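Engineer: Starting off with a structure, shown below.
The values are calculated or read from the model by the stated rules, or taken from the named source; none is laboratory data. Treat the numbers as computed from the prediction; the structure is a model and nothing was measured. Quick reminder, even Gly has a Cβ in these numbers, built from the backbone with ideal geometry, and neighbours come from all protein chains shown.
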Amino acid sequence: MFKRTASAFAVAATAGIVLAGCSSADDTEETTDAVTTGAESTEEAAGGELTLAVFNGWDESLASSLLWQHVLEGKGYDVSLEYADAAVAFQGVADGDYDIVTDVWLPLTHADYIDQYGDDMEELGAWFDSAALTIAVNADAPVDSLEDLPEYVDEMGGKIVGIEPGAGLTTATENAIEAYGLSDFEFVTSSTPAMLSELDSATSDGENIIVTLWEPHWAYGAYDLKNLEDPQGVMGEAEEIVTYGRTGLTEEFPEVAEWFGGFTMDSDHLYDLENQLNEASEGDYEQVVSDWVAANQEWVDSLTA
């Protein structure tokens with residue numbers, strides 16, 4: 001079951017993950033001398049403070065942000081995570097309150113936000129290239145396509161369970177409802193945790209359910225699901241997940257911008273980390289990420305090679 005409620009996100013945001021080791025006095029003196037003499041990069045030695053915006057309820061946002069918090073703190077940066085809905089996160093990056101957001105879906109899902117805030121942000125690079133918005137049902141449901149749904153209103157419970165009202169997935173679903181004549185279904189929107197709770201209850205009880213989802217998402221590994229076919233392509237083609245930074249980030253933190261610019265993550269690594277985080281409580285995130293990094297050390301080291 002989905003464990004990250006809004007209050008849990010707040011706790012996680014406050015607690016953060018403290019993974020950087022403590023240095024001895026001698027190490028500190030050596031570092032200071034290195035900066036003074038130019039033997040090491042000033043940025044690497046001094047680090048700096050960075051804030052990453054994490055979308056509430058978006059597991060790839062959580063996983064990628066926790067991973068980069070670990071990596072950056074290992075390089076001497078002081079990294080905090082701020083949890084927010086997409087609209088707040090984009091506004092925060094554009095205003096310079098947040099430095100980086102890793103979960104921008106393009107060209108469709110977050111297009112409106114980029115139209116609104118793109119001039120006040122820097123695109124750093126795409127790291128995942130097969131993201132997709134979906135409408136999914138339990139695998140044994142009597143329907144395989146969106147165009148067939150009008151014939152199964154009663155059998156499918158008469159409703160489509162969505163996520164947050166302002167999400168791009170919600171807009172795409174509204175377009176699908178119009179395109180496929182699904183007005184007899186009630187479209188329920190509230191939050192991602194609420195949707196996942198209903199999905200868990202329905203599948204546990206052996207009931208049919210329709211939910212709005214996206215790939216990558218841990219739910220596809222936790223439940224037996226199938227995506228409904230979309231003959232009209234209303235939900236859009238596969239998208240990229242892109243990292244954006246605040247204006248001036250590249251100039252102030254060129255090495256960090258270069259790392260994010262070269263960052264890519266395949267689905268096997270992403271799903272593995274997502275699933276391990278989903279099975280853990282918020283207080284265990286530090287250990288989960290630390291253990292996962294240790295098990296994938298060579299790949300993690302390549303992120304800043």
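Engineer: The conditions are (1) under 27 Å from Tyr223 (Cβ atoms); (2) modelled with pLDDT of 95 or more; (3) crowded, with 19+ Cβ neighbours inside 10 Å, and His110 fails exactly one of them. Which is it?
Structural biologist: Among (1) under 27 Å from Tyr223 (Cβ atoms); (2) modelled with pLDDT of 95 or more; (3) crowded, with 19+ Cβ neighbours inside 10 Å, the lone unmet condition for His110 is (2).
Engineer: What's the total number of residues in region 171-193 that are modelled with pLDDT under 95 and either surrounded by 16 or more Cβ atoms within 10 Å (Cβ to Cβ) or assigned to a helix (DSSP H, G or I) (or both)? Outline the logic, then answer.
Structural biologist: To start, the set of residues in region 171-193 that are modelled with pLDDT under 95 comprises 171-172, 190-193.
From what is left, the residues that are either surrounded by 16 or more Cβ atoms within 10 Å (Cβ to Cβ) or assigned to a helix (DSSP H, G or I) (or both) are 171-172, 191-193.
Qualifying residue count, region 171-193: 5.
Engineer: Taking only region 130-140 into account, find how many residues are surrounded by fewer than 19 Cβ atoms within 10 Å (Cβ to Cβ) and modelled with pLDDT of 95 or more.
Structural biologist: Total meeting the criteria: 2.
Engineer: Could you please tell me which pairs satisfy a Cβ distance under 9 Å, a separation of 6+ or placement on different chains, a first residue in region 176-191 that is closer than 17 Å to Ile163 by Cβ, and a second residue that is among the basic types (Lys, Arg) and surrounded by fewer than 19 Cβ atoms within 10 Å (Cβ to Cβ)?
Structural biologist: As it stands, the answer is Phe185/Lys159; Glu186/Lys159; Phe187/Lys159; Val188/Lys159, since those pairs meet every condition given.
Engineer: (1) in the same structural domain as Ser267 (by TED's automatic domain parsing); (2) closer than 29 Å to Leu199 by Cβ; (3) among the charged types (D, E, K, R); (4) free of Cβ contacts under 8 Å to residues at least 12 places away in the same chain: which one isn't true of Asp148, the others all being true?
Structural biologist: Failed condition: (1).
Engineer: Here's a follow-up. Does region 251-264 include one or more residues that are part of a helix (DSSP H, G or I), hydroxyl-bearing (Ser, Thr, Tyr) and surrounded by fewer than 17 Cβ atoms within 10 Å (Cβ to Cβ)?
Structural biologist: No, because not a single residue in region 251-264 is part of a helix (DSSP H, G or I), hydroxyl-bearing (Ser, Thr, Tyr) and surrounded by fewer than 17 Cβ atoms within 10 Å (Cβ to Cβ).
Engineer: Please note which helices (runs of 4 or more DSSP H) are completely contained in region 47-146 and include at least 2 residues that are aliphatic (A, V, I, L, M) and within 29 Å of Ala294 (Cβ to Cβ).
Structural biologist: Details: elements: 59-74, 86-95, 111-117.
The helices (runs of 4 or more DSSP H) meeting that bar are 59-74.
Engineer: Between Leu303, Leu228, Leu277, Leu270, which is surrounded by fewer than 19 Cβ atoms within 10 Å (Cβ to Cβ), of a type in the set (A, V, I, L, M, F, W, C) and either touching a Ser or Thr at 6+ places or on another chain (Cβ under 9 Å) or over 22 Å from Ala172 (Cα atoms) (or both)?
Structural biologist: One residue alone meets the criteria, Leu303.
Engineer: Which of the following residues is within 21 Å of Pro107 (Cα to Cα) and either buried (at least 18 other Cβ atoms within 10 Å of the Cβ) or touching a residue at least 40 places away in the same chain (Cβ under 8 Å) (or both): Ala238, Ala222? Spell out the reasoning first.
Structural biologist: Numbers: Ala222 fails: within 21 Å of Pro107 (Cα to Cα).
Exactly one of Ala238, Ala222 is within 21 Å of Pro107 (Cα to Cα) and either buried (at least 18 other Cβ atoms within 10 Å of the Cβ) or touching a residue at least 40 places away in the same chain (Cβ under 8 Å) (or both), namely Ala238.
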